[in-house]
Every structure is written in structure tokens, then in C-alpha cells.
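Enquirer: Questions regarding the structure given below will be posed in turn.
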Amino acid sequence: MVKTQLLVVGGGPAGLAAADTAASLGIQVLLVDEGRSLGGQLVKQTHKFFGSGEHHAGVRGIDIPQLLLKEGQDKITFKLNTTVIGCYQDRVLTALTGEDEYFKISPQAAIFATGASEKFLAFPGNDLPGVYGAGAVQTLMNQYGVLPGNRVLMVGAGNIGIIVSYQLLQAGVQVAAVVEAAPQIGGYLVHASKLARAGVPILTRHTILAARGKEAVESAVIARLDDNWQVVPGSQQELEVDVVCLAVGLSPVVDLLRQAGCRTRYVPELGGDVPVRDSLLRTSQEWIYVAGDVAGVEEASAAMVEGRLAGAAAAKQLGADVAAADEIIARSQASLKALRGGPVGEKIRSGIAKLEGGIANA
Amino acid sequence: MLKTTGVAQKEDWQAKLPPEERRKAGPYVVYECYQKIPCNPCEKSCPFKAVTIGEDINNIPRVDYDLCNGCGVCIARCPGLAIFVVDETYAPGYGKVLIPWEYLPVPEKGSEVTAVGRDGKDVCRAEVVEVRTARNQDRTVVIGLKVPVDLVNEVRGIKLGGEDNGR
């Protein structure tokens, strides 16, 4: 049995920030991540980030992991290539390193920063080789230097769809079009304008009807949608592409939290089932905190701040200096408020309002 | 249109230009930032404090054109690549546009490229008259294009993959 004061599950932007913050407050931290390197999705984000200086705005995502670990590194034990596979209400977790090192962890508190998984889309041909999730395209291309194909249809004009389209162009891959079923572009318009300048058409109110091909994707059929999201007859067109990339949203990865008995609630604004938590990111299990996309899907900048918030709150619960923890908590809450304060944060604000009441109401 | 295609329309970008007399006085910055998103690196980047976002980082940047001298330091600091510098006084009949560029290869100074508009369509041929690659630009190159002066606010990019585009 491995004992630790604080266990952080996941070494992406939220988990790294959480571990660093708790460690800087004197807490002994064990951080486990299933990857072979730290950073989670950051290692694929070659673009410069938005936000403010405190969110590492203007820095490329790939360069952020090293900035997140600044103070408490010597108090953190990192265990990579390790997947937490069970979480029990008696505060014991089970984990697997590689394929054969199986062990138990007994923490006094835990922060789950397990992120989110990609949603899929139902259409004929979606099982053909050449149909990818946007995360897979980024992994292949930005992490391993392998191009997914020559010509891509991107499905989804949220930030992920338009940023990955831009990265494809940078890698020398053609983007035939970006289709988006909603009437407006969901991602930041400045990102969309980059694609427009590169001559990539963004087709709102359009969807994919099918991917076609014998052994792999050879073309994709798209069509226009009317006000009721129904296909406009006769609007079908076939695009010659060898890749269909799906960027149609993310769902929080809450399985372990459910197993641990944390209450969840379906909040579409936050990506699906999310753990009910309070303003300190503590779940209905008082030893478990959440941070990042698992707590509700939003930008990586918010994930980092949530990590700091959860890290400070957990450290306070574990006996760290109250004034120092409170200072970080207040700063992080103000920072989240600023990030979510504008029109693009409205959906997140309404989603979180539904959640934070959850514990009191239950 | 901007919200459905990503292409800013004339009425959108015209509202971002400084007054006529400032335009004739020398280089000026154009912030093609139309949406309230949480972002403010431009504000800190300006050595002349000409750009203001303020307390709420969702505010759209405001430019004081009495303070802005069109130096272009902010161009590579914008994660949205939404900042351009325009000089309508560059040479008789010609203006210069500074654009951010994050593709390879980087066009060479002195070469000719096809300049494109906000919609990616060809606008004109243009000479590359400047290539800035300072370390603090963090791999965002800033390229100066010499274009006919009446097209300085139409040109916003370089055609991708053109075989004669300075490559």
C-alpha cells in the first residue's frame, strides 16, 4: 500500500497545477498519469494560449507544463505510465503501472483531474479507417510527427475543430472544409479568421451524412441543415477527402468518481455527467476534489486555475497554512471569475450554477 | 457573416481603422478583434501603453492612436493572430502591411508572393520587404508586404502553398 497525503490523478494542466500548488503549501503529493510524459493534452497544443499573464497567455501550450511546476517539485512523486483503475469509498485506490505492476494507494485526500473524452458521431461509414477524433489527429501529428492523411473534412467549428484545422494546415495537410451543424461558429472568431485567410471554407448549418470508401475514407457527403436541423433536400455534396476528423465535443471522464460514490449530475453546458461540487471543487465525498475538464469541459486556462484552487483547498483540509491556502483560493476564484466573465463564458457560468447548488440540495 | 464564415466584412474592419488624418500620418495598428474573449497579452506587449483592455480581460482592446506609432511589437503577441500594422505612407503609390505568419517555409525578403484577403482570395502580387523573426516572437514570424496603397486594408495574408510564394 502506497501512502501519501494527497493523490493527484492526471498530469494535465489541472493536475500539474494542483500538485504544484499543494506541494508549495508543504503537502506530500503523489501524481499519477497514464501517459509517458507529463502535460496531458498540453503536449499537443502548439498554438499560443489566450487568457491573462497568470494563465500563461501568449505561451504555446507545449511550453506550459514546465511552467506549471515551479515551487514544490521536491514534494511531488511522479508515477507515469500508471492508470488508476479503481477508487473505493474506504479511501483506497488501485493502480496499474505498465502491464504488471499492480498496487494500492491510500491517500488522505485526492484530486481527480482526469480530463474528458471525445464524443463520437453516428453516420454511415464512421468505422472506416480515416475517421479520426481531433485528439487522435493532434497526437499523431503534433506528438509523433505523423500526418493523418492528405485532405481533411473537419466536423465541428468549436475551438478544437478550428484550432486542429489550423494545425493541419501548418503541417501541410489540406482542409477541404469545416462543417458545423449550429448556425454560428462556436470557437473564437479570431481562430476562425485564420482559417478563412487560408482559404478554408467554414460551413455553418452543415453536417456530415456519410463517409465513403472501400478500404478507407475516399470521400465524405455533407449537406445543409434548415432551422430545425433537418437536411435540406438536394443540398448534398461529396467532398474528396481521405480523412474525416470529428471535433464534436467532449465528455468529462467521471467513471472513477462514480465508483467512489461521488454524486454526478447531467449538465449539458459542461459536457454531460459531471460531479456535483462546491465552490472549492470538493465533491460529495469530502476527501475528493476535482479540477479541469472532469469538473466541466472548458478551456485549458480555466483548468490550470481550477487545479490551483483544488490544490489549495485540499492542502488546507490536510493541515497546510490556512492563510497561505486562503490567499491562493481567493486569487484563483477571482481569476476564474475573470476568465468566465464575458459572453463566451455564459454557458459555463450557467452550468456551474446548476452544480454548486447540488450538494446543499441533496 | 463574421460569425458564420470567420470573414470580417467591410463594415466590421472599417470601424477598426483610425481617422483619415492619422492614417495619412504614418504606420498604424489595426486590431481585428471583434469578439469579447478572455485575453489580454496585447495590452502588456505595448511599449507605448497605446492598447487598453482594462480590469475585465474580456473587453475588446482599444487603441489610442496618438500613442501608437505602428511599431508592430504586439502583432506576434496576439494568440489570435488578429493584429496587423498598415503604413499608407510607405512609398509613392505603395503601402506596407505587416502580417503574422506561422507557416513554413517562411517567405524570403525580396521575394514575391500572392497576397490574399480576409477570405483567402487572391488580392494582388506583393513584394516581401521585411521578415521579423525575433526570439520573443516565439515562432510567430511578422512579414511586411509592399502592396498598392489602395489595397493596404484588403491584404491580410499570403496564399498558402503557392509554388511562387517566395519558396
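The values are calculated or read from the model by the stated rules, or taken from the named source; none is laboratory data. Predicted model, so just to flag it, every value in this text is computed and none were measured. Neighbour counts are summed over all protein chains in view; Cβ atoms, including those assigned to glycine, are modelled from backbone coordinates with ideal geometry. All accessible areas refer to the heavy atoms of the entire protein, side chains included, with ligands and DNA or RNA removed. Shrake-Rupley method; radii C 1.70, N 1.55, O 1.52, S 1.80 Å.
Enquirer: Filter the stretch B:6-15 down to residues that are free of Cβ contacts under 8 Å to residues at least 24 places away in the same chain and either among the hydrophobic types (A, V, I, L, M, F, W, C) or within 13 Å of chain A (Cβ to nearest Cβ) (or both) and give me whichever is surrounded by the fewest Cβ atoms within 10 Å (Cβ to Cβ).
Expert: Step by step, filter the stretch B:6-15, then rank; the result is B:Ala15.
Enquirer: Filter the stretch A:168-194 for residues that are of a type in the set (Gly, Ala, Ser) and within 11 Å of chain B (Cβ to nearest Cβ) and give the result.
Expert: Applying the first criterion (of a type in the set (Gly, Ala, Ser)) to the stretch A:168-194 yields A:171-172, A:176-177, A:181-182, A:186-187, A:192-193.
Hits for the stretch A:168-194 are A:Ala171, A:Gly172, A:Ala182, A:Gly186, A:Gly187, A:Ala192, A:Ser193.
Enquirer: For the stretch A:195-204, what are the residues that are open to solvent by 10 Å² or more (accessible area, probe 1.4 Å), within 7 Å of chain B (Cβ to nearest Cβ) and of a type outside the set (Val, Ile, Thr)?
Expert: Scanning the stretch A:195-204 gives A:Arg197, A:Ala198, A:Gly199.
Enquirer: Give the residue that is farthest from the other protein chains (Cβ to nearest Cβ), with candidates limited to residues of the stretch B:40-51 that are outside any loop (DSSP other than H, G, I, E, B) and either over 18 Å from the mean Cα position of the chain (by Cα) or not polar (S, T, N, Q) (or both). It would help to see each step written out before you state the result.
Expert: The initial filter retains those residues of the stretch B:40-51 that are outside any loop (DSSP other than H, G, I, E, B), namely B:41-45, B:51.
If we keep only those that are either over 18 Å from the mean Cα position of the chain (by Cα) or not polar (S, T, N, Q) (or both) too, we end up with B:41-44, B:51.
On the way: B:Pro41: 4, B:Cys42: 9, B:Glu43: 9, B:Lys44: 7, B:Val51: 14 Å.
Here the answer is B:Val51.
Enquirer: Pick from B:Gly110, B:Gly80: which is surrounded by fewer than 20 Cβ atoms within 10 Å (Cβ to Cβ) and not acidic (Asp, Glu)?
Expert: B:Gly110
Enquirer: Condition test on A:Gly40, is it touching a residue at least 60 places away in the same chain (Cβ under 8 Å), within 16 Å of the chain's Cα centre (by Cα) and closer than 26 Å to A:Gly98 by Cβ?
Expert: In short, yes.
Enquirer: Of all the residues that make up the stretch A:26-64, how many are more than 14 Å from chain B (Cβ to nearest Cβ) and farther than 18 Å from A:Gly135 by Cα?
Expert: Residues flagged as more than 14 Å from chain B (Cβ to nearest Cβ) and farther than 18 Å from A:Gly135 by Cα within the stretch A:26-64 amount to 7.
Enquirer: Also, quick follow-up: Only one residue in A:Gln138, A:Gln108, A:Gln170 is in the same structural domain as A:Leu203 (by TED's automatic domain parsing), closer than 25 Å to A:Met304 by Cβ and more than 22 Å from the chain's Cα centre (by Cα), so which one is that?
Expert: Only one candidate qualifies: A:Gln170.
Enquirer: I need a count of the residues in the stretch A:173-219 that are closer than 14 Å to A:Val152 by Cβ and within 23 Å of the chain's Cα centre (by Cα).
Expert: 3
Enquirer: Among the candidates B:Ile99, B:Ile37, which residue alone is at the interface with chain A (Cβ under 10 Å from one of its Cβ atoms), closer than 30 Å to A:Ala157 by Cβ and either in a loop (DSSP other than H, G, I, E, B) or of a type in the set (S, T, N, Q) (or both)?
Expert: Of B:Ile99, B:Ile37, the one residue that is at the interface with chain A (Cβ under 10 Å from one of its Cβ atoms), closer than 30 Å to A:Ala157 by Cβ and either in a loop (DSSP other than H, G, I, E, B) or of a type in the set (S, T, N, Q) (or both) is B:Ile37.
Enquirer: Right, another one. Considering only the stretch A:37-51, how many residues are among the hydrophobic types (A, V, I, L, M, F, W, C) and in a loop (DSSP other than H, G, I, E, B)?
Expert: Step one: of the stretch A:37-51, the residues among the hydrophobic types (A, V, I, L, M, F, W, C) are A:38, A:42-43, A:49-50.
Going one step further and asking which of them are in a loop (DSSP other than H, G, I, E, B), we end up with A:38, A:49-50.
Counting residues in the stretch A:37-51 that are among the hydrophobic types (A, V, I, L, M, F, W, C) and in a loop (DSSP other than H, G, I, E, B) gives 3.
Enquirer: Touching a Phe, Trp or Tyr at 6+ places or on another chain (Cβ under 6 Å) and surrounded by 21 or more Cβ atoms within 10 Å (Cβ to Cβ): does that describe A:Ala303?
Expert: No.
Enquirer: Here are some conditions: (1) within 23 Å of A:Gly98 (Cβ to Cβ); (2) in contact with a helix residue (DSSP H, G or I) (Cβ under 7 Å, 6 or more places away or on another chain). A:Gly35 meets all but one. Which one does it not meet?
Expert: With (1) within 23 Å of A:Gly98 (Cβ to Cβ); (2) in contact with a helix residue (DSSP H, G or I) (Cβ under 7 Å, 6 or more places away or on another chain) applied to A:Gly35, the lone miss is (2).
Enquirer: Same structure again: If A:Glu269 meets every condition in (1) more than 21 Å from A:Pro183 (Cα to Cα); (2) modelled with pLDDT of 95 or more; (3) open to solvent by 10 Å² or more (accessible area, probe 1.4 Å); (4) not assigned by TED's automatic domain parsing to the domain that holds A:Glu180 apart from one, which number is that one?
Expert: Here A:Glu269 clears every test but (1).
Enquirer: Answer yes or no: is there a residue in the stretch B:116-130 that is without any contact (Cβ under 8 Å) to a residue 60 or more places away in the chain, open to solvent by 20 Å² or more (accessible area, probe 1.4 Å), within 13 Å of another protein chain (Cβ to nearest Cβ) and outside any loop (DSSP other than H, G, I, E, B).
Expert: Yes, there is a match, as at least one residue in the stretch B:116-130 is without any contact (Cβ under 8 Å) to a residue 60 or more places away in the chain, open to solvent by 20 Å² or more (accessible area, probe 1.4 Å), within 13 Å of another protein chain (Cβ to nearest Cβ) and outside any loop (DSSP other than H, G, I, E, B).
Enquirer: List the residue pairs whose Cβ atoms are under 8 Å apart, where the first residue sits in the stretch A:1-18 and is within 23 Å of A:Gln66 (Cα to Cα), the second is of a type in the set (S, T, N, Q), and the two are 6 or more positions apart or on different chains.
Expert: A:Leu6/A:Gln28; A:Leu6/A:Gln108; A:Val9/A:Thr114; A:Gly10/A:Thr114; A:Gly12/A:Gln41; A:Pro13/A:Gln41
Enquirer: Yes or no: A:Tyr132 within 14 Å of another protein chain (Cβ to nearest Cβ) and touching a residue at least 60 places away in the same chain (Cβ under 8 Å)? Reasoning before the result, please.
Expert: Numbers: within 14 Å of another protein chain (Cβ to nearest Cβ): no; touching a residue at least 60 places away in the same chain (Cβ under 8 Å): yes.
No; evaluated as a whole, the condition is false for this residue.
Enquirer: Out of the residues in the stretch A:2-24 meeting the condition of being of a type outside the set (Gly, Ala, Ser) and in contact with a Lys or Arg (Cβ under 8 Å, 6 or more places away or on another chain), tell me which one is surrounded by the most Cβ atoms within 10 Å (Cβ to Cβ).
Expert: A:Thr21
Enquirer: Which ones in the stretch A:147-191 are open to solvent by less than 10 Å² (accessible area, probe 1.4 Å), part of a loop (DSSP other than H, G, I, E, B) and of a type in the set (Val, Ile, Thr)?
Expert: Residue satisfying the conditions is A:Val173 alone.
Enquirer: What is the number of the single condition among (1) at pLDDT below 95; (2) assigned by TED's automatic domain parsing to the domain that holds A:Leu31 that A:Gln143 does not meet?
Expert: So the condition that A:Gln143 fails would be (2).
Enquirer: If you don't mind, another one. Could you grab me the full set of residues in the stretch A:123-146 that are of a type in the set (A, V, I, L, M), outside any helix (DSSP H, G or I) and either surrounded by 18 or more Cβ atoms within 10 Å (Cβ to Cβ) or in contact with a strand residue (DSSP E or B) (Cβ under 9 Å, 6 or more places away or on another chain) (or both)?
Expert: Within the stretch A:123-146, A:Leu128, A:Val131 qualify.
Enquirer: In addition: Confirm whether A:Glu327 is at pLDDT below 95 and open to solvent by 40 Å² or more (accessible area, probe 1.4 Å).
Expert: Answer is no for this residue.
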